[in-house]
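The next block holds one structure in the form of structure tokens; read it before the comments.
What follows is calculated from the coordinates using simple rules that are stated; it is not laboratory data. Here the structure is a predicted model, which means the values were calculated and not measured. Cβ sites come from the backbone with ideal geometry, for glycine too, and all protein chains shown count toward neighbours.
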Amino acid sequence: MTTANAPKLAKTLLKSYDRPASLDNPRSPHRPDAGNFEKYAWIFMRLSGVALLVLTFGHVFIMLALDSHGVHRINAAFVAARWKQPFWQCWDLLMLWLAQLHGGNGLRTIISDYAKKDQTRFWLNTLLLISMIFIVGLGTYALLTFDPSTAA
């Protein structure tokens, strides 16, 4: 090999290494045109996970461990008294929304990782979105339209 061919050889060898393979994959979140959605989804998962820990452990503590009655005091009247207060409505609503969005985002990631065909990925994500909207809508409706007078 002559020194005149060295730049050509170096250029040929570096050509395969100067471009990450993820840039050629149209599904990759690492593409320059992918935006910051995956970054914000990752940050949301961490923050919502911490918030859900606080909300869930607070919920369990208040519902089960606050006094000596435990689960025996939980009935429709207890829930009605609790949901009369906007604080508890917001607490439970926030827990519902965060749990659904956190779980849905996790399932979206699993679908993206394991669904091989674009069409399969599309339909699974569509079903996931429909189910998330249905669950959040139904839960929000139940929580906000609950009539405490019917529970007594």
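Summary of computed values
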| item | result |
| --- | --- |
| Local electrostatic count at residue 76 - Lys and Arg +1, Asp and Glu -1, tallied over other residues with Cβ under 13 Å | +2 |
| Simple spin-label estimate for residue 59 and residue 41 in nanometres, 7 Å along Cα-Cβ | 2.4 |
| Positive minus negative residues near residue 105 (Lys, Arg vs Asp, Glu; Cβ under 12 Å) | +1 |
| FRET efficiency, residue 81 to residue 140 (Cβ-Cβ, R0 22 Å, nearest 0.05) | 0.60 |
| Rotationally averaged projected area of segment 37-150 (alpha carbon convex hull; nm²) | 8.7 |
